[in-house]
Amino acid sequence: MKVQDVLNEVERLAPPHYAFGFDKVGLQVGDPTADVQKIVVSLDSGQGAIEFAASVGANLMVTHHPVIWDELTAVRSDHWAQRRVFELVRKGISLIAAHTNWDCAPGGINDALADRLGLEHVVPFGWGEKTEQWKLVVFVPIACRDLLIDQLSAAGAGVIGNYDRCAFLTEGVGTFRGGEGANPVVGERGRVEEVAEVRIEMVVSGERRRAVESAMRAVHPYEEPAFDWVQLADGVAHPCGRIGDLQGVEDFQAFVDDRLGSRSEMWVGHDRPVRRVAVVGGAASGEWRAALALGADAYITGEVPQHVALEASESGLTILACGHYATEQPGMERMGSILAEVCRIQVVVFEPGVGLSGRPR
């Protein structure tokens, strides 16, 4: 398996277009054509994680936090941010980053956090990047309908929420006359033909549009397929947060710390039992108002500034700061498990010692 193959799997799990506009994701360091020997999955791309990867013989790292944030003007060993890139290149280790795209993705950082806490009836909430949505309308002979739908679906068309191969079909009659240079599949040049056809309509996300059109042209029986692209008015948002229900917990802070291995700070907003919980891992205290509006009793995130803690708690929302590591490491453990299964390569999840490599004491 090549680095590019692993990148494809990572981007299938965490599509790049889910990433926030400021973010840097994807293959940041390395050769996409290199063979992968072993993968290390890590929350951070610090020196400790890089040294660990080298020590276990890994030549690919998949991290949550990117190693390159800003434009590099140099790669020097005496500069902390640049030194990490320097060491990756020197040790022959490629690096793929899946950051806010993995935060927002189904099954990603925040779904893993909600699962670790045992939340039920979990749904997304809050802000997320919107992606363009299009509708492909294409006409094809009825006999070719299923083949075309299958190929369009394989290229990414027809995905609506948790459903795929979604299409709307209308049967009718198509008519045409081929000119001198035509090579019609049906009928003869110079004669008006009528064909029983079906109109197929399928939604397509903006980043899959080119691939879907290529798939359509590859299998459509006509040399000049009749099709339209219609841009839909509203794009689809991919919210970062998750909110769900928690049952049977009395000491909420102790429960959370036990599940996450954290030593949280908690600001109490009310004295009722916590039953509705919102989570956004990492530095995401800004979504607390959206959580409160959805009826959350408590909000769990990584870090909470003092002014946010004061306003949120005095607005009736209990808020917990559990740390960046504790709220995001479950999602990286999940990434490691999935990659090990789909890539059939040894994957090691880096778990730094307490007080080391970004994990607090």
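The values are calculated or read from the model by the stated rules, or taken from the named source; none is laboratory data. Just so it is clear, the structure is predicted and the values come from calculations on it, not from any experiment. Using ideal geometry, Cβ is built from the backbone for each residue, glycine included, and neighbour counts are taken over all protein chains shown.
Annotations
- Residues in the range 280-317 that are among the β-branched types (Val, Ile, Thr) and either in contact (Cβ under 8 Å) with a residue 40 or more places away in the chain or closer than 19 Å to residue 124 by Cβ (or both): 280, 300, 301.
- One residue from 192, 212, 186, 203 being in the same structural domain as residue 154 (by TED's automatic domain parsing), among the aliphatic types (A, V, I, L, M) and free of Cβ contacts under 8 Å to residues at least 40 places away in the same chain: 192
- Answer residue from the range 1-54, given it is polar (S, T, N, Q) and within 15 Å of residue 338 (Cα to Cα) and is surrounded by the most Cβ atoms within 10 Å (Cβ to Cβ) among those: 42
- Between 128, 108, the distinction of being surrounded by 14 or more Cβ atoms within 10 Å (Cβ to Cβ), out of contact with any strand residue (DSSP E or B) (no Cβ under 6 Å at 6 or more places or on another chain) and not polar (S, T, N, Q) belongs to 108 only.
- Residues satisfying the stated conditions in the range 97-125, i.e. in a helix (DSSP H, G or I), of a type in the set (Asp, Glu) and more than 8 Å from the chain's Cα centre (by Cα): 111, 115
- Residue in the range 213-222 that is basic (Lys, Arg) and surrounded by fewer than 11 Cβ atoms within 10 Å (Cβ to Cβ) present: no
- Any hit, the range 172-188, residues being surrounded by 11 or more Cβ atoms within 10 Å (Cβ to Cβ), among the hydrophobic types (A, V, I, L, M, F, W, C), within 17 Å of residue 231 (Cα to Cα) and modelled with pLDDT under 90: no
- Options 285, 357, 337: the member that is polar (S, T, N, Q), within 24 Å of residue 48 (Cβ to Cβ) and modelled with pLDDT under 95: 357
- Among the residues listed as 233, 211, the single one being part of a loop (DSSP other than H, G, I, E, B) and either out of contact with any strand residue (DSSP E or B) (no Cβ under 7 Å at 6 or more places or on another chain) or among the hydroxyl-bearing types (Ser, Thr, Tyr) (or both): 233
- Checking each residue in the range 175-221 for being under 30 Å from residue 8 (Cα atoms) and aliphatic (A, V, I, L, M) picks out 200, 202, 203, 204, 211, 212, 215, 216, 218, 219.
- Inter-residue pairs, beta-carbon under 7 Å, first polar (S, T, N, Q) and in the range 255-276, second assigned to a strand (DSSP E or B) and surrounded by 19 or more Cβ atoms within 10 Å (Cβ to Cβ), 6+ apart: 264/320; 264/321
- Looking at the range 262-331, the strands (runs of 3 or more DSSP E) lying wholly inside it that each contain 1 or more residues that are more than 27 Å from the chain's Cα centre (by Cα) sit at 265-267, 318-321.
- Residues of the range 144-168 satisfying the condition of being more than 18 Å from residue 106 (Cβ to Cβ) and not in a helix (DSSP H, G or I): 155, 157, 167, 168
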